[in-house]
1. When residue 23 is evaluated against the numbered criteria (1) outside any strand (DSSP E or B); (2) touching a strand residue (DSSP E or B) at 6+ places or on another chain (Cβ under 8 Å), which criterion, by number, is the only one it fails?
2. Of the conditions (1) over 18 Å from the mean Cα position of the chain (by Cα); (2) buried (at least 18 other Cβ atoms within 10 Å of the Cβ), residue 145 clears all except one; give me its number.
3. Determine, yes or no, whether residue 52 is within 30 Å of residue 145 (Cβ to Cβ), within 16 Å of ligand 2 (Cβ to nearest atom) and under 15 Å from the mean Cα position of the chain (by Cα).
4. Looking at region 159-181, is at least one residue without any contact (Cβ under 8 Å) to a residue 24 or more places away in the chain and within 20 Å of the chain's Cα centre (by Cα)?
5. Look through region 64-82, keep the residues that are within 16 Å of ligand 2 (Cβ to nearest atom) and surrounded by fewer than 17 Cβ atoms within 10 Å (Cβ to Cβ), and return whichever of them is nearest to residue 37 (Cα to Cα).
6. Identify, please: which residue in region 92-116 is over 25 Å from residue 163 (Cα atoms) and over 11 Å from the mean Cα position of the chain (by Cα) and is, among those, surrounded by the most Cβ atoms within 10 Å (Cβ to Cβ)?
7. Out of all the residues in region 9-18, is one or more touching a residue at least 60 places away in the same chain (Cβ under 8 Å), more than 14 Å from residue 111 (Cα to Cα), within 14 Å of the chain's Cα centre (by Cα) and more than 16 Å from ligand 2 (Cβ to nearest atom)?
8. Based on what the data block shows, is residue 85 within 16 Å of ligand 2 (Cβ to nearest atom) and surrounded by fewer than 16 Cβ atoms within 10 Å (Cβ to Cβ)?
Ligand SMILES: [Zn+2]
Ligand SMILES: [Zn+2]
């Protein structure tokens with residue numbers, strides 16, 4: 001298919017493609033939220049974040065996703081402090097590589113691919129430049145030279161895309177959820193308060209060592 005963006009986990013056991021990846025069919029941005037950072041730190045993959053703790057992301061519909069290898073290695077977890085939060089994180093259990101984010105039900109077609117697992121040249125060619133950053137207040141380093149992506153614009157495009165997927169039935173076409181029950185194919189693990197605190201201590205340590213003086217200015 002045209003515009004296939006390929007990705008794989010660090011060890012290569014899990015691989016897949018995102019069909020029809022473009023600036024028109026999705027949104028590219030960098031997320032600095034505390035949950036994205038806690039997720040990477042918890043899995044021991046802070047190396048996937050940029051120096052200010054940002055997660056390079058591309059948001060589109062889950063129906064564009066195909067897992068070509070290692071579907072049985074996919075695992076899911078919830079990292080928010082409140083377990084009822086609907087955000088679900090997916091990773092490759094073989095090598096603890098963060099891969100995607102979705103909601104915790106297949107009825108929402110919202111899907112985020114972590115761009116750290118793609119070839120930067122291919123991502124740039126297909127997706128174009130990032131729209132900017134979101135959740136600036138959680139940045140773990142100096143982001144004064146980065147622009148903000150427009151949250152209303154992101155929400156508007158996300159909601160219209162999701163609504164279309166609901167109306168035309170496209171939401172069912174995802175490898176991550178059972179279309180009959182809407183449940184994720186891997187039972188989510190809820191991060192414990194202790195694990196979350198440990199991840200946050202790791203974030204604080206990194207941000208004070210990398211950007212302490214810059215933040216104090
Ligand atoms: Zn792997
Ligand atoms: Zn985030």
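1. (2)
2. (2)
3. Here the answer is no, as residue 52 does not meet what is asked.
4. Within region 159-181, one or more residues are without any contact (Cβ under 8 Å) to a residue 24 or more places away in the chain and within 20 Å of the chain's Cα centre (by Cα).
5. 81
6. 97
7. There is at least one residue in region 9-18 that is touching a residue at least 60 places away in the same chain (Cβ under 8 Å), more than 14 Å from residue 111 (Cα to Cα), within 14 Å of the chain's Cα centre (by Cα) and more than 16 Å from ligand 2 (Cβ to nearest atom).
8. For residue 85, the condition - within 16 Å of ligand 2 (Cβ to nearest atom) and surrounded by fewer than 16 Cβ atoms within 10 Å (Cβ to Cβ) - is met.
The values are calculated or read from the model by the stated rules, or taken from the named source; none is laboratory data. The structure displayed is predicted, hence computed values, not measured ones. With ideal geometry, Cβ positions are generated from the backbone for all residues, glycine too; neighbour counts draw on all protein chains shown.
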